[in-house]
Structure formats: structure tokens, C-alpha cells
Amino acid sequence: MMSTKTGAHILIIEDDAHIAEGLRLSLGLNGYSVTVAADGAEGLAKWKQVSPDLIVLDIMLPVIDGLTLLQSIRLEDSRLPILILSAKAAPEDVIRGLHFGVDDYLTKPFHLEEFLLRVERLLTRANWADDAKTSPGGRLRFGSNRVDFATQTAWRGDQKIELTDQETKLLKLFAANPNKVLARSVLLEVGWGYTRTVSSRTIDNFMVRLRRYFEENPKKPVYFKSVRAKGYRFDPDT
């Protein structure tokens, strides 16, 4: 992680070109390097490409909305500082953003000085936590099943299962949303990112694999359930 002033790389994901350019100039004058993305799909690609030290994220984005993008990033990186900058100022919007893992939330219109101070504070806090890289990465237990997300390994009883990257992403998303119906479109956007080459049938195929791994009877699933015309639901406490 770079210092809070010199060289830290900030990714701005904002579809309002005027706001994005103003933030880029202000952050540049304060010693940061800046990358700008104009929609959620571009933001997802830029995040993977430039590995920023902090993301400034709008919620109402074209292609992939900000909260879906936030969930996708959090599946792979729980530590990256993310600041939502949004015109959505209702308490329920702020609570939803915090629930999905945002570090700070600033509403539009905003004072530039306050924005810069929040950016500096988030980067400082990230520096303090930078030496804590030995996190186990999280584990999940349900029934006789165990999942270690850090090693991408699972067990059904004594049977060991080596998970792929995509299987691990989907399991993380289900674990973060227990007993909630997740639409196929959400599973696709969060698990794969925005792509026209992946169909909803891909999700169905992956669900077949997860059931084969973790269900006693894959044809009568207990944990990974289909919800007609809606998507899938993970019930870990069944």
C-alpha cells in the first residue's frame, strides 16, 4: 500500500463526466494517481487491471450498478477501501451500502475538502491494516460440509473437494446472503462480471456441480434450492 499522499492510486467509477473530471483533477493536485471508469463494466475491468489502493464508487451506474459491482469486488478483496459517492441519501440506501461492505458513504452534493479528508482517512486506515495479511480468508460450515475459502478446498464428510475460482466465488456469494433468493442475473454479474458470452445456463450448470459436491441427494437439494422463475437460495441451517 502506498502512502496516503504520494503515489496512492485511486479508481473513480462515476458516469457523470463533469464530477469524474473534477475529482480526477482535485485528487491529482493532492498527489494521487487516478483512473476513471464511466460505467460498472468498465469499472470492473479497470479494478482488475490497475489494482487501485482505493475506489470511489457511484451507485447508479450504467451496465452494472454500483452495489452489484461492490459485491463482486468484495468476493475477491475484503480489504480494499471503497467510498460510495451517491445522490441516494436515504438512510436505507446508506445501510444497504454498509451491508454490502462499503467503508464510507458520502452523499451528493458534497464538499470537496470533506471528500479529500475521507479519502485520506480511508487510505491511512488501510495502511495501518496492511500488515494483517494472514487472515484465514473465511470458512463456511453447513451440515457435514466445510469450505475453506482461502485454500479453495471443501469437504463433504471426509471427502475432499478442490474448488475452482468460479465455484469459490459463488459459494462466497451464497454464504454472504443466506436464506435469500439470488437471481441468475445477480449470480452472473457478481460471479463472472459483465459479459455477453456467459448465459444463465452457465449458472444452472454450476448449481448442478455444487449440489453434486454438497447434497446427500443432488436431485432433492436441501441446501442449494431452486426458486421458480426467480433464481437460487442457499439454506445453510436446514
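Applying 0.36 nm per residue to the separation of Ala45 and Asp65 and subtracting their alpha-carbon distance, the gain on full extension is 5.8 nm. Residue farthest toward the positive end of the dipole of segment 1-92, with Cβ of Lys/Arg at +1 and Asp/Glu at -1: which of Ile13, Thr35, Leu69? Farthest along the dipole direction, towards plus: Thr35. So which lysines can Lys169 reach, going by Cα to Cα under 21 Å and dropping same-chain residues fewer than 8 places off? Cα-Cα hits under 21 Å: Lys46, Lys48, Lys133, Lys160, Lys180, Lys225, Lys230. Once you've got the GNM for the chain with C-alpha springs shorter than 10 Å, pick whichever of Asn145, Asn179, Asn217 has the biggest mean-square fluctuation. Comparing Asn145, Asn179, Asn217 in the GNM, the peak value goes to Asn217.
Looking at segment 1-90, which trypsin sites (Lys or Arg not before Pro) are in a loop (DSSP not H, G, I, E or B) and have at most 12 other Cβ atoms within 10 Å? Working shown, then result.
Working: sites: Lys5, Arg24, Lys46, Lys48, Arg74, Arg79, Lys88; in loops: Lys5, Arg79, Lys88.
For trypsin sites (Lys or Arg not before Pro) across segment 1-90 that sit outside H, G, I, E and B with at most 12 neighbouring Cβ atoms in 10 Å, the list reads Lys5.
Across q = 0.10 Å⁻¹, segment 9-128 modelled as identical point scatterers on its alpha-carbon atoms has Debye log10 I(q)/I(0) values of -0.25, in the order of the q list.
Each other residue within a Cβ distance under 9 Å of Arg233 adds +1 if Lys or Arg and -1 if Asp or Glu, for a net charge of +2. When the Gaussian network model of the chain links Cα atoms closer than 10 Å, the mean-square fluctuations of Leu98, Leu44, Leu70 top out at Leu98.
How much length would be gained if the chain were fully extended between Asn179 and Ala229, taking 0.36 nm per residue of separation minus their Cα-Cα distance, in nm to one decimal? Spell out each step's value before the answer.
Numbers: separation 50, 0.36 × 50 = 18.00 nm, distance 1.66 nm.
Fully extending the segment from Asn179 to Ala229 adds 16.3 nm.
Taking 0.36 nm per residue of separation and subtracting the current Cα-Cα distance, fully stretching the chain between Ser26 and Asn217 would add 63.0 nm. Of the DSSP H helices in the chain, those with a Cα length along their own long axis of 20 Å or more and a mean Kyte-Doolittle hydropathy reaching -1.0 comprise 112-128, 200-214. Under 10 Å, Cα contacts only: if you run a Gaussian network model on the chain, which one of Ala150, Ala175, Ala20 comes out with the highest mean-square fluctuation? Greatest mean-square fluctuation among the candidates belongs to Ala150. In plain terms, the bigger the Kirkwood radius, the slower the diffusion; for segment 66-190, with that radius from Cα pairs, at 10 °C and 1.306 mPa s, Stokes-Einstein puts D at 95 µm²/s.
FYI, it's all coordinate maths here, none of it is from the lab. Bear in mind the structure is a predicted one, so any value in this text is a computation, not a measurement. Cβ coordinates were reconstructed from backbone atoms using ideal geometry, including for glycine residues, and neighbour counts include every protein chain displayed.
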